[in-house]
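The values are calculated or read from the model by the stated rules, or taken from the named source; none is laboratory data. Quick caveat: nothing in here was measured; it's all calculated off a predicted structure. Cβ placement follows ideal geometry from the backbone for every residue including glycine, while neighbour counts extend to all protein chains displayed.
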Amino acid sequence: MWGGALALAVWERRRAPRVTDAPPAGAPARAGGVSVVVPARDEERGIGAAVASLLAQEPPVAEVLVVDDGSTDGTAEAARRAGGGDLRLQVVPAG
């Protein structure tokens, strides 16, 4: 019985799909990497540090989307300032 189970496990292992195009560990990120969505409402005090940290990640993120959910403070402006013109940052209104 154990011999049959072992044979089946080996057969299944050989049939399993292989990931051959994955980058090696430590390789730089490819274009089209991770997108980060940050929902924000009245976060003027902390959004700048969050945006700056996300844009400084290694490997770099592909884009950072800050979704401003009707903030009554300067959340959107603070996020844009922290981005410093980085084209990966988009600040969009919710809705």
Note to self: Quick check on region 44-63: of everything there that is loosely packed, with under 14 Cβ neighbours inside 10 Å and under 19 Å from A76 (Cβ atoms), which residue is farthest from the chain's Cα centre (by Cα)?
What the structure shows: R45
Next item on the list: Count, please, the residues in region 2-42 that happen to be basic (K, R), within 23 Å of the chain's Cα centre (by Cα) and modelled with pLDDT under 75.
Entry: 1
Margin query: Looking only at residues that are buried (at least 18 other Cβ atoms within 10 Å of the Cβ) and not aliphatic (A, V, I, L, M) in region 64-95, which one is farthest from S35 (Cα to Cα)?
Written below: S71
